[in-house]
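One structure below.
The values are calculated or read from the model by the stated rules, or taken from the named source; none is laboratory data. On a predicted model such as this, the values are computed, not experimentally measured, just so you know. With ideal geometry, Cβ positions are generated from the backbone for all residues, glycine too; neighbour counts draw on all protein chains shown.
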Amino acid sequence: MSSDETPNVPTTRNTREAVREKAQQVHAQQSRARLMRRIIIGAIAVVAVGAIGTAVTLAVSAQVSKPQLTPAGMDDDGILITDINASAAGEETLATPTPTPSEAGATATPTPEPSSAESVDIHVYVDYLSPDAGEFERANSATLGTWITSGAATVTYHPVALLTASSNGTKYSLRAAAAAACVATYSPEQFYAFNHDLLDDQPEVNTDGFTDVELADIAGAVGVDHAKSIRSCIEDQDFVDWAKDATTRALEGPLVGSDDLVLTSAPMIVVNGVAYVGALDDPSEFSTFVLGISNEAYQAETATPTPTPTTTP
């Protein structure tokens, strides 16, 4: 027996249209998803670029707002010592002669002692990490202190940084020189004591050296004036760029008072434009050298031409 009923099966055409419509829906969803991803990525990129731009602007602004600072009272990158803190030279005073000219050929009039204006001008270039600098300071600080106090010689200290790479990356030489400039700027009367303490008990080469906080503590211990300003100056490293440039100037030369000397080591001691090359730990040898320079300066200043004979009429 036949039946007129047929199964409810979609035709091939209807099937194709259904598949096409489904594919269009999926494609539309994928397109919307891709669009949203692009929008999100673009927004993230805009935020990132804005953040980078802000950081760069802040960095540039910081550089512009804080120009390179130059310490006060340091002519030719050095500080002239005019006052000696008694504690800096220690309790013992070495029995060393005062640099006075030789009395050979002198008349009955006493030979004048050289003054700061006419005779011995001493410049000490010091790296606070240099063992030789510490050795020279410990051996000769009392002698230099005596000469400064009596006015027999002028002494100028020049902080430099030759051993910046010898402190495990902390750049101690550079920071210590900058700290010395802070003391010279705000409390020059205590510079000699601060300089002496840094060299008398200095860190060893290839160690971290003192931190900025410890350098400020040392300055406070010697009784500096304006202790808060000095601490801020040291801990903010205000004069680090100056210390770097001062070292470069000394390396290029000429050094103060000389025609062609350049910095070759630390310490480097220059007396009336002549470099001292003797033993750093022998105060007698150094005193003899200074006395010789002083005598030459005195003879040059007091030399007079021989009178020309005249004919008697």
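Restricting to segment 275-286, name every residue that is in contact (Cβ under 8 Å) with a residue 60 or more places away in the chain and either over 13 Å from Ile122 (Cα atoms) or surrounded by fewer than 19 Cβ atoms within 10 Å (Cβ to Cβ) (or both).
The initial filter retains those residues of segment 275-286 that are in contact (Cβ under 8 Å) with a residue 60 or more places away in the chain, namely 280-284, 286.
The answer is Leu280, Asp281, Asp282, Pro283, Ser284.
Can you find even one residue in segment 283-302 that is part of a loop (DSSP other than H, G, I, E, B) and assigned by TED's automatic domain parsing to the domain that holds Tyr125?
Checked against the condition, which is being part of a loop (DSSP other than H, G, I, E, B) and assigned by TED's automatic domain parsing to the domain that holds Tyr125, segment 283-302 yields no hits at all.
Here are Val262, Val256, Val270: which of them is modelled with pLDDT of 95 or more, in contact with a helix residue (DSSP H, G or I) (Cβ under 8 Å, 6 or more places away or on another chain), closer than 20 Å to Gly78 by Cα and not in a helix (DSSP H, G or I)?
Among Val262, Val256, Val270, only Val262 is modelled with pLDDT of 95 or more, in contact with a helix residue (DSSP H, G or I) (Cβ under 8 Å, 6 or more places away or on another chain), closer than 20 Å to Gly78 by Cα and not in a helix (DSSP H, G or I).
Looking at Leu215, Leu198, which is the one that is over 20 Å from Ala139 (Cα atoms) and buried (at least 24 other Cβ atoms within 10 Å of the Cβ)?
Exactly one of Leu215, Leu198 is over 20 Å from Ala139 (Cα atoms) and buried (at least 24 other Cβ atoms within 10 Å of the Cβ), namely Leu215.
Within segment 232-265, how many residues turn out to be charged (D, E, K, R) and crowded, with 20+ Cβ neighbours inside 10 Å?
Count: 1.
Asp238 is checked against (1) modelled with pLDDT under 95; (2) within 29 Å of Ala165 (Cα to Cα) and fails just one. What number does that condition carry?
In the conditions (1) modelled with pLDDT under 95; (2) within 29 Å of Ala165 (Cα to Cα), Asp238 misses (1) alone.
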